[in-house]
Amino acid sequence: MQEESSRALMGEYTICLEDFVLETIIGILPKERERAQKIKINAEFICQWNPKTHFENAESHFSFADSSNPPLKNHDNIESQNFLDYRDLREFIKDSFAREFGLLEEAQSYFYREIPLCFPQIKAFWIQITKLEIFEDCKISIKINYQK
């Protein structure tokens with residue numbers, strides 16, 4: 001718990017993506033190339049931001065009329081160095097599977113290379129891809145870790 005508190009003070013936070021289920025073509029077996037199969041993505045992304053800059057400009061981005069749930073406004077004006085919209089991260093992962101990777105390892109190599117390029121706020125992450133339907137008696141996963 002203390003580690004999380006010190007991370008927050010340094011401007012770090014973690015985005016967790018849990019149980020994100022997609023249907024995609026992935027694998028090298030003939031049956032895997034013929035029809036989409038369900039996969040599950042779990043991941044954590046450690047992001048860096050500058051809270052001082054973010055909060056100095058908060059009034060221009062937030063309306064605090066309802067302090068119980070301050071709405072984000074002018075979302076597109078927030079500098080990308082200070083804010084990572086988890087919706088963009090989710091869409092990136094979803095859209096990436098349109099590539100129809102041959103191997104799980106190819107998908108992981110793609111994410112290892114592309115996530116740091118597309119999302120410079122991410123300083124470390126892990127991502128796990130699980131095939132849910134390949135065997136009746138177990139699930140198969142592959143997981144990678146990335147650290148800048």
Those residues of region 127-148 whose amide nitrogen sits under 18 Å from the label point placed on GLU34, 7 Å along Cα→Cβ: 133-136
Those chymotrypsin sites (Phe, Trp or Tyr not before Pro) in region 99-144 that DSSP places in a loop and that have at most 12 other beta carbons within 10 Å: PHE135
Gain upon complete extension [LYS94, CYS16; 0.36 nm per residue less C-alpha separation]: 26.6 nm
Backbone HN-Hα couplings from phi across region 14-23 [Karplus 6.51/-1.76/1.60, Hz, Gly and Pro as x]: 10, 9, 10, 10, 10, 6, 7, 9, 10, 10
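Taken together, the values in this text are just the output of simple stated rules run on the coordinates, not laboratory data. For clarity, every value in this text was computed on a predicted model and none was experimentally measured. Ideal geometry is used to build each Cβ from the backbone, glycine not excepted, and the neighbour counts take in all protein chains shown.
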